[in-house]
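Chemist: I'd like to ask you about the structure that follows.
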Amino acid sequence: MTDLPDFVEINEEGPREGFQIEPGPISTSDKIKLIDALSETGLKNIQTCSFVNPRLVPGWADAEAVVEGFTPTKGIKYSGLYFNGNGLDRALKYKDKLTLSGSISLTASEGFTKKNLNRSHAENVAAMKRQAAAHLDKNIIVNRIGVMAAFGCNYQGDIAPEIVVNTLKDGMLIAKETGSEITVFSLADTMGWAAPHRIERVLGEVRNQWPEMEISLHLHDTRGLAVANAYAGLKMGIRRFDTTVGGLGGCPFAGQPKAAGNICTEELVLLCEELGIKTGVNLDRLIEVGRLAEDIVGHQLPGELIHAGSLDAFRRNINH
């Protein structure tokens, strides 16, 4: 039995994910051009930039200029990523243009927490408690718990489902102590360890604990299994996914500089279309944006549809 959703909500992270890891330099105008093009595809959620230390992530030294420069489209939620109070303060300057909400971000792998944030898990829990309180003090809701390395880790190996559940419990305790109302869990395959059976096991264990909680998947195509993993998630009723156009991006601290990044937006849209699941996205237009992204970064991106085209494009030609 499967529990395929009728509609899938896509959170496009291509600009933020892609330009944080590309050696570049990518011009501010090109970043703006990509965001504006994505706004014309039917996507309703676009993560535009990262308010992070430019010394650590030089690709986002121009975050403010990009936010100031793109043209917002009515009905689209634009967001920005940040990890600390300084980043939050930078994002708050654009609260009329960006949709701001807080997230309790934890990691199922102590090794990756140390590598990515230079903190222990306990230190990160304390930091997330402070960050959640800071959001609430500024009247920004905290409604999400994110767990990175939820399916495995290059620094710690396989991650058991019960570790993911315990990490989410830590997040829920933070939420309770700070008065945050959590409406969604985001499970991330940060370093590409997931396979369909792992997706099923982890989702099953999480659902056993929180049967009513909305779950979002953040899948990387590091080892070529992202679409298979998305299908496993869809069959279990998952209807929220993070994606990147053309497969832009990756994690700069994951130790895989040449690996593919997130699941390609256009490949997830194609999968959904073939399964009869609506996304609200114009796939042919999205493929053109993928080609634009490839031109901007100056090298081939992992997205296969950039080069192969959509099935419907061929169906239309055959029917003519």
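Rule-based calculations on the coordinates, nothing more; no lab input. Predicted model only: the values in this text are computed from it and were never measured. A quick note on method: Cβ atoms are made from the backbone with ideal geometry, for glycine too, and the neighbour counts reach across all protein chains shown.
Chemist: Which value, in debye to the nearest 20, gives the size of the charge dipole of region 38-163 about its Cα centre, when Lys and Arg are +1 and Asp and Glu are -1 at the Cβ?
Modeler: 240
Chemist: Ranking Asp189, Asp170, Asp242 by Cβ neighbours within 10 Å, fewest first, what do you get?
Modeler: Starting with the residue having the fewest Cβ neighbours, the order is Asp170, Asp242, Asp189.
Chemist: Apply the Karplus parameterisation 6.51 cos²θ - 1.76 cosθ + 1.60, with θ equal to phi minus 60°, to every residue of region 118-134 and state each ³J(HN,Hα) to the nearest whole Hz, in sequence, with x for glycine and proline.
Modeler: 6, 9, 7, 4, 4, 5, 5, 4, 5, 5, 5, 5, 5, 5, 4, 4, 5
Chemist: Working only with C-alpha atoms, what are the Rg and Dmax values of region 42-107, expressed in angstrom?
Modeler: That works out to 11.9, 34 Å for Rg and Dmax.
Chemist: For region 65-139, state which trypsin sites (Lys or Arg not before Pro) are in a DSSP loop and have at most 10 other beta carbons lying within 10 Å of their beta carbon.
Modeler: Passing sites in region 65-139 are Lys74.
Chemist: Tell me whether region 1-130 comes out rounded, prolate or oblate; compute the Cα gyration tensor, take square roots of the eigenvalues as a ≥ b ≥ c, and use a/c under 1.5 as the rounded threshold.
Modeler: The shape class here is oblate.
Chemist: Using a Gaussian network model of the chain with C-alpha springs under 10 Å, which one of Asn118, Asn143, Asn84 is most mobile by mean-square fluctuation?
Modeler: Asn118
Chemist: Using alpha-carbon positions, what is the distance between the centroids of region 1-76 and region 184-199, in Å?
Modeler: 22
Chemist: Short version: ³J(HN,Hα) in whole Hz for each residue of region 33-47, in order, from phi by Karplus 6.51 cos²θ - 1.76 cosθ + 1.60 (θ = phi - 60°), x for Gly and Pro, what are they?
Modeler: 4, 5, 4, 5, 5, 4, 5, 9, 9, x, 4, 10, 9, 10, 8
Chemist: Another question about this same structure. For region 1-83, with only Lys/Arg (+1) and Asp/Glu (-1) charged at the beta-carbon, what is the dipole magnitude about the Cα centre, in debye rounded to 20?
Modeler: 220
Chemist: Still on this model: Which listed residue (Thr41, His220, Leu88) has the Cα farthest towards the positive end of the charge dipole for the chain, taking +1 on Lys and Arg C-beta and -1 on Asp and Glu C-beta about the Cα centre?
Modeler: Value computed over the given set: Leu88.
Chemist: Post the alpha-carbon centroid distance, region 140-173 to region 258-320, in whole angstrom.
Modeler: Here the two parts' Cα centres lie 30 Å apart.
Chemist: Springs between alpha-carbon pairs under 10 angstrom, Gaussian network model over the chain: which of Met148, Met213, Met172 fluctuates most?
Modeler: With Cα springs under 10 Å in the chain, the top fluctuation among Met148, Met213, Met172 is at Met213.
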